[in-house]
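Below is one structure; the comments refer to it alone.
The values are calculated or read from the model by the stated rules, or taken from the named source; none is laboratory data. Everything numeric in this text was worked out from a predicted model, so none of it was measured. Neighbour counts run over all protein chains shown; Cβ positions are idealised from the backbone, glycine included.
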Amino acid sequence: MLLNVKQLGSGSPTGEETLAFTHSLDLSAVRLWGEFPFSEPVCVTGCVTYHLGIYTVSYTARFNMHGTCARCLSDVIRKTETAFSHTVLVDAEDEDLSDGFILAPKGELDLDELVTSDILLKLSGVLLCSEDCRGLCPKCGKNLNGGDCGCDHTIRDDRFRILREFMEEEHEREVP
């Protein structure tokens, strides 16, 4: 969806105008974590504001992410709502000035590109069912979120055997 932001600011006596928008964005072809998590369209609502020569785009993106938890392999549906705001440069001559701003060449802002970039940059590296997901037992494969499996989870690295024996000897000398 292309927004013509140049139409703002030409007829307002106060120097402030707003262009509201609602958009549905299909991200079903986007592949993350080996899956296609956007099975439903992203709902975008927001506005472009022109105030004293400055264009600002502010919007909220609402979407559901479907996938598999990276730790316990359970199905996850994550409802997400996140807000974004950017200052827009219209017809910027110098590319060096564009750092930290969104460019709108010829006054046209590509909303699909902006929303897609914002959402993908905001996402974490992995999809988890919860922040405190305990994952799977490395021995028996049980989902540890449902409770302990009873396996011995003590990890003994044989490379540290000599250090472990030294520490046990030191502890025995300290205890009378």
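Scanning for something assigned to a helix (DSSP H, G or I), among the basic types (Lys, Arg), at pLDDT below 90 and over 30 Å from Thr82 (Cα atoms), does the stretch 143-163 turn up at least one residue? Yes, the conditions are met somewhere in the stretch 143-163.
The number of residues in the stretch 39-53 being out of contact with any Gly (no Cβ under 9 Å at 6 or more places or on another chain) and either at pLDDT below 80 or assigned to a strand (DSSP E or B) (or both) comes to 8.
Out of Thr56, Thr87, I need the residue that is out of contact with any Asp or Glu (no Cβ under 8 Å at 6 or more places or on another chain), exposed (fewer than 13 other Cβ atoms within 10 Å of the Cβ) and in a strand (DSSP E or B). Which one? Explain how you work it out, then say what you get.
Details: Thr56 fails: exposed (fewer than 13 other Cβ atoms within 10 Å of the Cβ).
The unique qualifying residue is Thr87.
With the requirement that a residue be surrounded by fewer than 13 Cβ atoms within 10 Å (Cβ to Cβ) and of a type in the set (D, E, K, R), what does the stretch 96-141 give you? Within the stretch 96-141, Asp96, Asp99, Lys106, Glu113, Lys122, Glu131, Asp132, Lys139 qualify.
Has the stretch 16-38 got at least one residue that is among the acidic types (Asp, Glu), at pLDDT 75 or above, touching a His at 6+ places or on another chain (Cβ under 6 Å) and surrounded by fewer than 14 Cβ atoms within 10 Å (Cβ to Cβ)?
yes
Which residues, counting only those in the stretch 142-159, are more than 29 Å from the chain's Cα centre (by Cα) and surrounded by fewer than 11 Cβ atoms within 10 Å (Cβ to Cβ)? Correct list: Gly147, Asp148, Gly150, Asp152, Thr154, Ile155, Arg156, Asp157, Asp158, Arg159. Scanning the stretch 131-175 for residues that are in contact (Cβ under 8 Å) with a residue 12 or more places away in the chain and small (Gly, Ala, Ser) turns up just one, Gly135. Filtering Gly67, Gly125, Gly141 for residues that are out of contact with any Gly (no Cβ under 7 Å at 6 or more places or on another chain), more than 20 Å from Phe36 (Cα to Cα) and not β-branched (Val, Ile, Thr) leaves a single hit, Gly141.
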